[in-house]
1. If we sort 23-31, 8-16 on the protection proxy, mean other Cβ atoms within 10 Å, highest first, what's the order?
2. Asn148 versus Lys50, label points 7 Å from Cα toward the beta carbon: distance in nm?
3. What is the gain in length, in nm to one decimal, between Val35 and Asp161 on full extension, counting 0.36 nm per residue of separation less the C-alpha to C-alpha distance?
4. Given R₀ = 30 Å, what would the calculated FRET efficiency be for Ile173 paired with Ala117, taking r from the Cβ atoms and rounding to 0.05?
5. Name the long-range amide H neighbours of Leu111: under 5 Å, sequence gap of 5 or more, or other chain; modelled H, no Pro or chain starts.
6. Sorting check: for 91-97, 64-70, which peptide has the highest mean count of neighbouring beta carbons within 10 Å, and how do the rest follow?
7. If amide hydrogens are placed 1.01 Å from N in the peptide plane, which non-local residues have theirs closer than 5 Å to the one on Lys106?
8. Cβ under 11 Å from Asn150's Cβ, Asn150 left aside: what net charge do those residues give with Lys, Arg +1 and Asp, Glu -1?
Amino acid sequence: MKKIIAFAGSSSKTSINKQLATYAANQFENASVEVLDLIDYEMPIYSVDKEKENGIHKLATDFYAKLGSADLIVISFAEHNGNYSTAFKNVLDWTSRINAKTFQEKEMLLLATSPGARGGSSVLDIATKRFPFQGGIVKGSFSLPSFNDNFDTEKGITNEDLKKQLLEIIKAI
């Protein structure tokens, strides 16, 4: 059985990206899914001085261990000004100090969504290009545009073409 760690690159309590990550992770057959919440990994803003004074934050080591326990990592990114959310970037900064290959050669499915028509495509592009340098084996990526028009909390993706596209990516992983 494949172990999947899924989370949103957002600390919002009502994250649409957490909904998408959870939905996508649960489409895999023969898998156990653990959904993480970045709220549980809030740390002081990373700085070399803080690391020097206090060492690597325990929540960073906890997060790193969670990533290491996975066979597959599913992340759906919130897009803030065309980039990662501060919450995700801070966890990434702290965790990368443990190992520059933060994702530990794990397979990854990268997602993004937003209420807008571009569906977080800018941040998805950044992550897809960057994560291989950080030990991520990106097996697929998918952007869901116009979340409120294309996703239902009970049914998942409601646009059949988009749903088919995601399921084909999942099947290939």
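1. On the way: 23-31: 17.0, 8-16: 19.7.
Going by the mean number of other Cβ atoms within 10 Å, highest first, we get 8-16, 23-31.
2. 3.3 nm
3. Working: separation 126, 0.36 × 126 = 45.36 nm, distance 2.59 nm.
This chain segment gains 42.8 nm when fully extended.
4. Values: r = 26 Å, r/R0 = 0.88.
In this case the efficiency is close to 0.70.
5. Ile75, Ser76, Phe77, Phe142
6. Details: 91-97: 20.9, 64-70: 16.3.
Descending mean neighbour count gives 91-97, 64-70.
7. So Lys106 has HN proximity to Ile137.
8. Details: positive: Lys155, Lys163; negative: Asp149, Asp152, Glu160, Asp161.
Net local charge, Asn150 excluded: -2.
All of the numbers you see were taken from the coordinates with simple rules; none came from a lab. Keep in mind that this is a model prediction, so the values were computed, not measured. Neighbour counts run over all protein chains shown; Cβ positions are idealised from the backbone, glycine included.
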